[in-house]
Amino acid sequence: MLKRMSLILCTFIITIMMTVTFVPADKAQAAAGSVVSQNGQLRVSGSNLVNQAGQTIQLKGMSSHGTQWFGQYVNYDSMKWLRDNWGMTVFRPAMFTQDGGYINDPSQKNKVKEAVQAAVDLGIYVIIDWHVLGEQDPNVYKQQAKTFFSEMANLYKDYPNVIYEICNEPNGSAVTWNGKIKPYAQEVIPVIRSIAPNSVIIVGTGTWSQDVNDAADNPLSYSNIMYTTHFYAGTHGQWLRDRIDYARSKGVAVFITEWGTSDASGDGGPFLAESKQWMDYLTNRQLSWVNWSLCDKTEASAALVPGASPYGGWSDAQLTASGKFVRDQMKAGTTPPGDGIVSGKTYKLVNVGSGKALDVNAAGTADGTNVQIWDDNGSGAQQWVITDVGGGLYKVINTNSNKGLDVAGTANGSNVQIWSYGGGLNQKWSIISVGGGSYKLIAGHNGKALDVNAGGTANGSNVQIWDDNGTNAQKWNLYKLN
């Protein structure tokens, strides 16, 4: 068409273009100060999702229900309300393949595009979800998946907002990681990567995305891959958390792309005490999560009561018990302090690299008792009073023993222990923000950092001092307890 325009019109357009500043395709700047403008293109580092500066990031958000049934809730206004009033940083439009989804109605992809554009405009992250469920085996619609993801990657290759989830919940006894899911991923991932080489791609696992341990034993060879685990608080408990910890100990990264306060049916409950246990677990490990679901269906896992507005502005009366719980977890939760240390307050210190708490071995109280990392259990052995002692230094006193965090030496690898506080520089620490709510603790006598030996993630991994190197083994999230 442009070739048929007159020279005068072409000259006019060129003149206009020279006088207008265009926004580049990368629209992270579209929402200044947003989570995307601050964190940029995400990537996977070890078992963590990290931002462009290499800092661990925890995304929290909502998933729609199936767009073919509840697509009215997937729109700019509802997503803006969730961002501004709930603190949402990631949204997941659930595009089913079957049951009236993409395979039956390819126009369902337009709702995904609407969600992505809204996320770009709002400066939040978005997960493009190929919602495998009824067909069980993702290979059933593998060719259609390739076509879909090729289109999506071509559209959004320049946007740091977009994350790809290539199979929601493979299921059925014959659909194993080694036999069906990994081979599928090995065909679909290259389609995306040939177009969007830096993208984060999330891969479902067997038994409705609960067999993450199988994936960890035989992971994909690509970079920037995460594996999903789905849980419903009324059905899935400690055994599934153990699987996640096992997978992370093997060096793979986990993203909870779907969880509910109900039982596994989506109904029953809500089980809020069990949900809170899961939320504390995810927060301590800085694992990103997306809640199921933003809809007004009459079931326990729905966030909205029947008839709630599709466009946000929801009062408490328009939220279910689940919706109010999820809002509160997303909006506040247990988050690291962002405004510095409050002297004299009690904190738990959670290592970014492992998600485990700074802990006194066996809750010991004697001088010289070893300090290690251990699963967060809320005990006094994991609680520390941090007090300003002047000169930019703090003492860190264990509440169970009333003894100070102490270094037994000056060399790399010198052990950290508890000892009666005597005011020596080996018992004083600089506590320095490294961004993203994380801190490093620097020993006052030699400038070395509080460090987990060899970046260990297992219970009992030793805590020592080492040259400050910026790794996650030396980053700690501080949670104020009083």
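Bear in mind that the values in this text are calculations on the coordinates, not laboratory data. Since we're looking at a predicted model, the values are computed, not measured. FYI the Cβ positions are ideal-geometry reconstructions off the backbone, even for glycines, and counts take in every protein chain you see.
About its Cα centre, what dipole magnitude does the chain give when the only charges are +1 on Lys and Arg Cβ and -1 on Asp and Glu Cβ, stated in debye to the nearest 20? Let's see the in-between values first.
Details: 37 positive and 39 negative charges, 208 e Å.
It works out to roughly 1000 debye.
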| Once both labels are modelled 7 Å past Cα along the beta-carbon direction, what's the residue 99-residue 173 spacing in nm? | 2.3
| field | Debye, to nearest 20: dipole size of the range 75-145, +1 on Lys, Arg Cβ, -1 on Asp, Glu Cβ | value | 160
| request: With unit charges on the beta carbon (Lys/Arg positive, Asp/Glu negative), name the residue among 37, 268, 326 whose Cα is farthest towards the positive pole of the charge dipole of the chain. | output: 37
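Give, rounded to the nearest 20 debye, the magnitude of the charge dipole that the range 31-185 has about its Cα centre when Lys and Arg contribute +1 at Cβ and Asp and Glu contribute -1 at Cβ. Don't jump to the answer; show the numbers that get you there.
Numbers: 13 positive and 13 negative charges, 72 e Å.
That gives a dipole near 340 debye.
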| query | So what's the range 159-245 giving for Rg/Rh, alpha carbon basis, Kirkwood Rh from the mean inverse pair distance? | reply | 0.98
| query | So how far apart, in nm, are the two label points at residue 113 and residue 482 if each is 7 Å from Cα heading toward Cβ? | reply | 5.8
| message | At 7 Å along Cα-to-Cβ for each site, give me the label-to-label distance between residue 272 and residue 321 in nm. | response | 0.7
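Run the numbers for residue 53 and residue 72: contour at 0.36 nm per residue of separation, minus the present Cα-Cα distance, in nm. Don't skip to the end; give the middle numbers.
Working: separation 19, 0.36 × 19 = 6.84 nm, distance 3.64 nm.
My answer for the length gained is 3.2 nm.
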| task | Find out how many positive minus negative residues lie around residue 267, taking Lys and Arg as positive, Asp and Glu as negative, among other residues whose Cβ is under 13 Å from that of residue 267. | result | -1
| query | Once fully extended, how much extra length lies between residue 85 and residue 194, figured as 0.36 nm per residue of separation less the alpha-carbon to alpha-carbon distance? | reply | 35.5 nm
| request: Return the aspartates and glutamates within reach of residue 440: Cα separation strictly under 14 angstrom, same-chain partners fewer than 8 residues apart disregarded; answer none if there are no such residues. | output: 451, 467, 468
| field | Overall Cα dimensions of the range 345-480 - principal axes, largest extent first, Å | value | 31, 29, 28
| task | Normalise the Cα radius of gyration of the range 27-331 by 2.2 N^0.38 Å (N = residues in it) and let me know the number. | result | 0.90
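Arranged by the count of other C-beta atoms within 10 angstrom, fewest first, what order do 272, 358, 133 take?
Values: 272 15, 358 28, 133 19.
Ascending number of Cβ neighbours within 10 Å: 272, 133, 358.
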| Expressed as a whole number of Å, what is the distance separating the alpha-carbon centroids of the range 270-303 and the range 375-418? | 34
| query | When the label point is put 7 Å from the Cα of residue 425 along its Cα-to-beta-carbon vector, which residues of the range 383-403 have a backbone N closer than 14 Å? | reply | 391-394
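Net charge around residue 300, counting only other residues with Cβ within less than 9 Å of its Cβ (Lys, Arg = +1; Asp, Glu = -1)?
Around residue 300, the surrounding residues sum to -3.
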| message | Taking the number of other C-beta atoms within 10 Å as the exposure measure, put 293, 379 in order starting with the fewest. | response | 379, 293
| Which FRET efficiency value, to the nearest 0.05, do you get for residue 298 and residue 242 by plugging their Cβ-Cβ distance into 1/(1 + (r/R0)^6) with R0 = 41 Å? | 0.75
| What is the Cα coordinate range of the range 361-419 on the first, second and third principal axes, sorted by size from largest, in whole angstrom? | 32, 25, 20
